[in-house]
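The values are calculated or read from the model by the stated rules, or taken from the named source; none is laboratory data. From a predicted model like this one, the values you see are computed outputs, not experimental measurements. No Cβ is skipped: glycine too gets one built from the backbone with ideal geometry, and neighbour counts run over all protein chains shown. Heavy atoms of the whole protein, side chains included, go into the accessibility calculation; ligands, DNA and RNA do not. Shrake-Rupley method; radii C 1.70, N 1.55, O 1.52, S 1.80 Å.
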Amino acid sequence: MNIPSFKEDHSSQIPALQLLQKLGYTYLAPEEALTLRSDRTSNVILEPILRKQLKAINSIQVSTSKTAIFSDANIENGIMALKDMPMNEGFIATSKKAFELLTYGKALEQSIDGDKKSFTLQYIDWNNFENNVFHVTEEFNVMRFGTSDCYRPDIVLFVNGIPLCVMECKRPDIKNPIGEAISQHIRNQQEDGIRNLYVYSQLLLSLSVSQAKYATTDTKEEFWASWKETEGYDKSVVQQLVNQPLTGAQKQKLFVCRNDWERKVIEAREQEELEVSTQDEYLYWLAVLNGYCNWCRILFCLKAGHLKKLPDTSSILRSIKL
């Protein structure tokens, strides 16, 4: 049996990236993600992806038999509305504006056959979630406020190019790995941190193989929560996914920014029969059982004040309706 690597990248981060790809997320190498940000670490939205998706998921219902498309100008207005967050109004106020846009969309005026009216542009297709696109990247450099330095979250998940989930991964052999990961999230959300990323993020995860916790933006450490999903959960399905190899193309992309010896570590791991970890279960519950859509709905309810604490997913989804 191989001696396990406890390097953070090998023990937690890479397994998370592997599983997320198997769950339907398209991996973007750090440089690829930076290109989609116009090579600017101050940008956190993948604009080309968002632009394409806004055109794909939106239409204007003119009548029962006629639809129209949003103008290119209004697509750009929608992107600008999402990017132009009023950070000077405070972190909580700005986060609220971001989640309201993501939840309810942006009203934009447009003339159809000479009749000017207001129509709502949606950033996420909440009714048909399969119409959205999902990406994952790692080592996501973001410029800190008031400095040219960067903080670098381990993993960021995007829906339609919008960063909705931030993850910190820690090696399991250090003292209090989850506490360290949570501390990093909290540091990132300070005034001199990278709030411009976290204002969009509706779910935060701290992972360390056999441990995990989750929260929403601006949650104090003592309120980070654990959960155990039982409804509809079949561990054997996760076991099969964890041990399913990536495709050749997926592995090639994952290896782009890694050394040959790191590639050997990853490939050696694929030859072993792996057990399902707590980290694996969290990622599976996020992506499959309740879906990203439902997770975002839960956390939107929390931010809107409809919920007082982070809930058990299966029970709350039976009682909350948006």
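May I ask you to give the average projected area over all directions of the convex hull of the Cα atoms of the chain, in nm² rounded to one decimal?
About 18.2 nm², averaged over all directions.
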Gyration tensor over alpha-carbon atoms, region 160-214, equivalent ellipsoid semi-axes in Å: 22, 14, 7
Under 5 Å, built H, 5+ apart or other chain: amide partners of Thr26: Phe134, His135, Val136
More than 25 Å apart - percent of Cα-Cα pairs taken over region 1-131: 45 percent
Rounded to whole Hz, the Karplus (6.51, -1.76, 1.60) HN-Hα couplings of region 82-89, x for glycine and proline: 6, 6, 7, 7, x, 4, 5, 7
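Based on the Kirkwood radius over alpha-carbon pairs, what is the Stokes-Einstein translational diffusion coefficient of region 54-162 at 4 °C with 1.567 mPa s viscosity, in µm²/s?
On the way: Rh = 16.1 Å.
It diffuses with D of about 80 µm²/s by this estimate.
Cα-Cα over 19 Å: which of Lys170/Lys264; Lys22/Lys251; Lys97/Lys213; Lys96/Lys220; Lys22/Lys52; Lys66/Lys116?
Checking Cα-Cα distances, Lys170/Lys264; Lys97/Lys213; Lys22/Lys52 exceed 19 Å.
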For region 213-218, 3J(HN,Hα) per residue [Karplus equation, 6.51 cos²θ - 1.76 cosθ + 1.60, θ = phi - 60°, Hz, x = Gly/Pro]: 9, 9, 6, 10, 4, 6
Where Glu267, Glu31, Glu281 fall by accessible area, highest first, once all protein chains stay in place (1.4 Å): Glu31, Glu267, Glu281
Å² of accessible area per residue within the chain, as computed with a 1.4 Å probe and no ligands counted: 48 Å²
Net dipole in debye of the chain [+1 Lys, Arg Cβ; -1 Asp, Glu Cβ; about Cα centre; nearest 20]: 660 debye
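What fraction of the DSSP beta bridges in the chain is antiparallel, stated in percent and rounded to the nearest 5?
Here the antiparallel bridges make up roughly 80 percent for the chain.
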Computed over region 15-90, the ratio Rg/Rh where both radii use C-alpha atoms and Rh is Kirkwood: 1.09
Region 29-73, Cα convex hull volume normalised per residue, Å³: 79 Å³
Exposure ranking of Trp224, Trp261 by accessible area [1.4 Å probe, largest first]: Trp261, Trp224
Residues Glu139 and Ala56, FRET efficiency given R0 of 22 Å [Cβ-Cβ distance, rounded to 0.05]: 0.15
Computed accessible area, Phe129, all protein chains, 1.4 angstrom probe, square angstrom: 30 Å²
Stokes-Einstein D in µm²/s, Kirkwood radius over Cα pairs - region 94-242 at 20 °C with 1.002 mPa s viscosity: 121 µm²/s
Protection-proxy order for peptides 44-57, 232-245, 160-173, each taking the mean of Cβ atoms within 10 Å per residue, highest first: 160-173, 44-57, 232-245
